[in-house]
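The values are calculated or read from the model by the stated rules, or taken from the named source; none is laboratory data. Values in this document were obtained by computation on a predicted structure and should not be read as measured data. No Cβ is skipped: glycine too gets one built from the backbone with ideal geometry, and neighbour counts run over all protein chains shown. The accessibility values were calculated without ligands, DNA or RNA, using every heavy atom of the protein model including side chains. Shrake-Rupley method; radii C 1.70, N 1.55, O 1.52, S 1.80 Å.
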Amino acid sequence: MRTDIFARLDREPEPPKIEVPGMTRTRLALFGGTLAFYLAIVVAVLLSTWLVTLDWKIMLFRPYQQWPEIHGFLDYYVVLGQRGPTAVMVAAWLGWRSWRQHTLRPLLSLGAALLLLNVTVGAVKLGLGRLGPHYATQVGSAELFAGGDIFPSGHTANAVVTWGILAYLATTPRARRYLSALSAVVALGVGLTTVYIGTHWLSDVLLGWAAGLLILLALPWCESPIARAETLILSLRDRLREQLRARRRLVPSLPVATGGPRPAVYPQRPTGAEEPVREIIAVRSGRSAAARGEGRLAPPLTTPRAHTSHSAHAVRSERTPVTPAGSRRPPHSRPLTGG
């Protein structure tokens with residue numbers, strides 16, 4: 001048994017017992033409070049309240065011009081909120097978790113969370129159509145229904161979901177607390193970075209935080225469909241394995257030398273098929289010997305019709321037709337002579 005630190009990287013002999021989070025009263029209360037906050041942000045922007053005024057003040061302040069020395073670092077840091085790179089990194093980690101623990105739940109949970117994120121956030125983005133700070137047309141306006149797609153902030157919501165799913169899937173309470181704090185810091189930094197660069201309003205970031213948190217809080221409702229999907233996928237995998245094993249048993253395996261040609265496989269003749277041929281040849285050979293003993297020429301040996309059709313035809317074509325003795329002309333009657 002390994003006792004070093006790398007022993008935890010080995011695959012576990014059997015699936016561990018993992019406690020699946022449920023929709024507790026605390027989680028349900030947090031979900032209701034976050035949903036109310038989400039709706040309040042949407043209403044405040046729709047009515048062009050003080051929140052829209054704050055958006056314009058921050059935009060006109062231009063933080064990227066006030067602190068240009070951190071612009072280069074934040075350009076790289078904001079990548080932690082892009083969907084493509086973060087999804088690949090988190091999927092790689094959760095894929096290793098799935099292999100080690102003999103379960104597809106980590107990958108299926110990530111897929112369900114990203115699906116909910118694309119549907120909910122994408123629908124609100126396209127429905128409200130808000131323009132970003134760099135494309136604003138009228139000072140003080142909410143810039144809604146103008147063909148944009150930045151409300152809520154996709155970077156912020158994606159950072160909350162992709163890094164928060166690690167805390168959701170943690171196997172111990174201690175790891176869950178640490179990962180929750182780390183994911184919150186990352187998501188907070190990504191949202192504020194988009195405001196600093198000028199790609200999002202502050203209200204976009206607030207709504208992105210709420211949208212991502214709603215998805216994480218709603219994941220326990222998806223555990224039952226995730227379990228059914230895992231059972232279906234594993235049963236299909238086992239069925240496919242059985243079919244492949246059955247096909248391998250039907251195909252004969254022949255030893256082949258390294259680098260040599262593979263021997264050809266011919267259909268085998270049933271046992272006993274050559275016995276009639278051997279008996280015919282033996283009888284013919286006996287007759288030939290007897291004929292030679294009597295001084296007569298034995299008739300030519302013939303093989304079975306199925307094997308010597310051409311030879312039989314040749315013997316028959318060389319045979320001389322038998323002509324009857326005498327003339328074929330009809331006898332003529334001689335004339336009678338008178339005497």
**Item:** Mean accessible surface per residue for region 72-187, computed with a 1.4 Å probe while every protein chain stays in place, in Å²
**Value:** 48 Å²
**Request:** Binning at 10 Å from 0, report for region 63-109 what percent of all alpha-carbon pair distances ends up in each bin.
**Result:** 24, 31, 21, 15, 9, 0
**Message:** Averaging over every viewing direction, what projected area does the convex hull of the Cα atoms of region 72-142 cover, in nm²?
**Reply:** 6.9 nm²
**Asked** Computed FRET efficiency, Cβ-Cβ of residue 181 and residue 137, R0 51 Å: what is it to the nearest 0.05?
**Response** 0.80
**Message:** For a bin width of 10 Å, list the pair-distance distribution of region 152-259 built from all Cα-Cα distances, rounded to whole %.
**Reply:** 13, 26, 20, 14, 10, 11, 5, 0
**Request:** Could you work out how far apart the two model spin labels at residue 146 and residue 54 are, taking each label as a point 7 Å from the Cα in the direction of the beta carbon, and quote it in nm?
**Result:** 2.1 nm
**Item:** Order by protection proxy (mean Cβ within 10 Å, highest first), peptides 164-170, 89-95
**Value:** 164-170, 89-95
**Prompt:** Over region 94-216, what percent of the accessible surface lies on carbon and sulfur atoms, probe 1.4 Å?
**Reply:** 71 percent
**Request:** Order the following by accessible area, largest value first: 199, 156. Probe radius 1.4 Å; ligands, DNA and RNA are ignored.
**Result:** 199, 156
**Message:** Between residue 39 and residue 100, what's the calculated FRET efficiency when r is the beta-carbon distance and R0 is 51 Å? Round to 0.05.
**Reply:** 0.80
**Asked** For region 36-87, what % of the accessible area comes from carbon and sulfur atoms, probe 1.4 Å?
**Response** 71 percent
**Asked** Full extension from residue 231 to residue 46: what is 0.36 nm times the residue separation minus their Cα-Cα distance, to one decimal in nm?
**Response** 62.1 nm
